[in-house]
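Comments concern the structure below.
Here, each number is a calculation from the coordinates, and none is a lab measurement. Owing to the predicted nature of the structure, the values given are computational and were not obtained by experimental measurement. Every residue, glycine as well, gets a Cβ built from its backbone with ideal geometry; the counts of neighbours run over all protein chains shown.
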């Protein structure tokens, strides 16, 4: 960024009647810039000058207009159609009704404005950004109308428990409490989370979500006088934010305490059962009473009343005082009422028996009956003929008129006409009630029947099938109509809103029709624009035909929301209900996130398909979702491997070559396709392989028929209109999911931006004759398919087209070259960008050369061919492995370098349009760090508040102690074991102490503050020699008076700490020395000689020389690179530049350098350096051989790891090794060791 302006922006209020930019209610009107407004064209041109009278416009924003689920920490980026006047323009930003303070920064070309809120925006707020019409281009033309950008923020706030019943900390509870109900403060992901009970006896039953935020946990078997903890684990809200366990809970748990036993005991069961009729005399030798808790066995009287007599019964106790058995042989009367009166019974705590529960009147009542009658069913639950039974029913209960033979029937068939099953049967103690276990097996919207005719009584008599309750001996009932809420409650064809002409169905999921999130965020991917998901709905479709590729039909599934507001997610599973099913991952057919319309064509066979859908970006299902499912004979052309685009003249999108050997052209309009077919199951591993984010959107495929074994094929993808990025990849088989499919070329991020289209890029592949498949995919799932044009041409192969077919050259000589190969095979990393501005410049082929090394270090410089001077883009590649060794855009000063044993072949790739006229090869001995990279496997730290990953990007320095790596960021330090293989941690400190430089001496860690003002407090020790982190850093310069300049560089010369500063007209560059063992005043080594010396941003030293990276003033600009000066001549010697290593600089609007980014340096020996290592502005580590010698040799970069902005480097002489922090291979940051 070139300029940065801090603003406290006031809200612009809309007043009065309707006017431009306001609605009738005083709110903003969402009016995108409509483009140029006709104005007076003014006087005629003078001397051929045509004045700019075209108004600027907003061409792109991030977030996009109407986006939802945006991260509250987002920065707002607005792109204009042309260069703008940075001093003009008023911005206001509102979150809800609150005006926010922001900082503004313009891009170097003044076309992009970045708006950064000074504080994170509130979660789930509606944000309105207004750019007033006083924004002007450099010619003074203003916006036609104010531009208003509106988007909604996502949910990053963790959920909390709002309440519970019993409440947290509740005491003196009854041990009979049968459930814990927990209410959260927001919609939860109802598919995750567990509870664990500890502290004493007891169990937690199956959890049940009563609605999206209320959870019921059945409790049983609790003990009295016991403190229990119910721990909550794994709960997240619908956006995936982990539960904040610090609110309401006690260290993540609900703690409850049962009191002393004051509950009256109850009768739980009996033989005969209460109210039983037709009790058989022969089958009732004893009366059995079962209590729900241990009873006192010394008190209580049971009196039998029958036939007008009263008899006190005696009995025996068992089961720990819970079971009382009383013989009654010869005391029961036939066909007579009986009652057993229970009086005086108490539990072991002395509580009197509850005579109402179960008994009703304090007595066990039953009637004996004639043994000659057959049994009948007198009652059931669900009722016979019910049409509203719950599919979540755990058991079916059947009551008989007498005791039944409990061993006669162990299972009963439960038949729903689709998937009948055998259910286990259990009984009450008396055998009068049968319980059929149907838990987790019932479905909504089905008719069920249980044939009870096999049940017999104790005489062996079967159930009377003609008895009135059943009528036929079969219990029949229906479950309620499906709502699509969850598995076993899925919507089916019978619930469809309408039938399609194809025979398929359409369902409209009404707002608020479901309340639970059951399938979770299965399709959500890291970095998605929206993380929040609404309650989800489920549709099941039964496909009876074979797959389309097997002669059957294709399954077309479409999910859509209105083209505004929230987007929709779509997941389809085959023969498994969802992600939580046993085969969930394997059964997932497609899983897509965050579009207004998903339109998937699936080549799948017969089976049951479960289609989950929900809204993204909001907590509520507040908009309808329309789901359509049908079977079709063909898929649209270009949609998938089932019907790719071909060179068929009948296709409207295809244009045949105008002459033999010419180009085949496919022109694909916008929004032609709406599905993801290449990688149709997210998360997957079959998408565009070079997509750096591994997230792709809608795609299409073209079949390319190669006619010759010896030819090459050129592919030129073009973005034909402004829009989002897309990627391309060519495969040797259409289906990327096949293990045998190979990628032949892949390039990411084609884009047309604003009114200036990025020129096409030429890609090349070779191989045997036959079909190849070009996939084109959008960069993001939510973006629509952008219009594109694909140009394909087959041509003859020539020498120089690839490393394998390279032009042979000799080492240690200068070889004139004329790179003219039309091919772009094995494109090196630094040649993949598209920086060309017209189709006529499609001369970006790559020509390959090959040589055999004669020493360890092979250095390659380029020679310019003609004028004007242009960058000499080359790459150096290990011919045997294909590993890229170095790659740069200008090898005239920054050479290519190959470090490998003599006798190995290396290849040199030269971009044709880089104006290279020769290759200068030199070889040298080398015994330094070879650049062999090892990924240390350090994972980003986790934010303990919300569970999100913390980015490690934005490093300023890296230090390595014998045990630990420390990475300095702007306000924190990231730390990890030196051995890696773990997750990094965050250390907090005084942010002003972290600065631009840090280094270690043993286990001690020092940092250098980069303050611009203030006379003291620049040098700190963060870690003491024992390796202890000091939250309050220890000042190491308490008595030093510092000048008002930034100190950016620090080193250890084996004895002392050396620091240096940036230059100003009043403050020259000076080297200061500090003791590493105790805080003290500094010693000045003197000013660096030469009045032209400017900023020092890297520092190293041995006994003879001080080496530094920075710049010095030349005739028209700064001379940048690495310099040296003798310590003995520090103040008098003009520093010598020993290597033009690239540095990262900032320039003002006039092009003058205003700042140079730090460039860490290290020598292999502080006595006499043989190798000097520097982290350049390109993020690569560069090496200089013999930096203190008569002729230092700049060898070049030893490794391609790192990119612009990566700073951290630490040298370990014991290896020798270099530790790097880089963001090229992992955007959140990665630790690498070079050996």
Q. Counting only Cα, what are the radius of gyration and maximum Cα-Cα distance Dmax of segment 295-421, in Å?
A. 19.5, 57
Q. For residue 174 and residue 606 in one chain, what is 0.36 nm times their gap in residues minus the Cα-Cα distance, to one decimal in nm?
A. 150.1 nm
Q | At R0 = 25 Å, FRET efficiency that the Cβ-Cβ distance of residue 441 and residue 620 yields, to 0.05 | A | 0.20
Q.
Can you compute the modelled spin-label distance between residue 250 and residue 580, with each label point 7 Å from Cα toward Cβ, in nm?
A. 2.9 nm
Q. Using only Cα atoms, what is the ratio of the radius of gyration of the chain to 2.2 N^0.38 Å?
A. 1.20
Q. P(r) tail for segment 267-368, what percent of Cα pairs lie past 19 Å?
A. 36 percent
**Q.** Calculated over segment 937-1234: convex hull of Cα atoms, volume per residue (Å³)
**A.** 133 Å³
Q. So how far, in whole Å, is the C-alpha centre of segment 113-179 from the one of segment 1156-1175?
A. 47 Å
Q) Just the Cα atoms of segment 161-257, one point each, no solvent: what log10 I(q)/I(0) does Debye give at q = 0.20 Å⁻¹? A) -0.94
Q: With the cut-off at 18 Å, report for segment 377-478 the share of all Cα pairs above it, as a whole percent.
A: 41 percent
Q) Add -39500 (n - 2.57) for each DSSP H run of 4 or more in the chain, then divide by its residues: what number comes out at 222 nm, to the nearest 500 deg cm²/dmol? A) 0 deg cm²/dmol
(Q) Using a Förster radius of 60 Å, what is the FRET efficiency between residue 454 and residue 740 based on their Cβ-Cβ separation? Nearest 0.05, please. (A) 0.60
Q.
Can you give me the C-alpha center-to-center distance between segment 261-322 and segment 1179-1215, rounded to a whole angstrom?
A. 91 Å
(Q) What translational diffusion coefficient, to the nearest whole µm²/s, does segment 493-632 have by Stokes-Einstein, given a Kirkwood radius computed over alpha-carbon pairs, a temperature of 10 °C and 1.306 mPa s viscosity? (A) 105 µm²/s
Q: Among DSSP beta bridges lying fully in the chain, give the percent that are antiparallel, nearest 5.
A: 95 percent
Q) What percent do you get for the relative contact order of the chain when only Cα pairs under 8 Å and 6+ apart count? A) 5 percent
Q: Output the direction-averaged projected area (hull surface divided by four) of the convex hull of the alpha-carbon atoms of segment 145-193, in nm².
A: 6.0 nm²
Q: Could you work out how far apart the two model spin labels at residue 192 and residue 634 are, taking each label as a point 7 Å from the Cα in the direction of the beta carbon, and quote it in nm?
A: 4.4 nm
Q: Using only C-alpha positions, report the orientation-averaged shadow area of the convex hull of segment 1053-1176, nm², one decimal.
A: 8.0 nm²
**Q.** Cα centroid separation, segment 924-953 to segment 415-446 (Å)
**A.** 57 Å
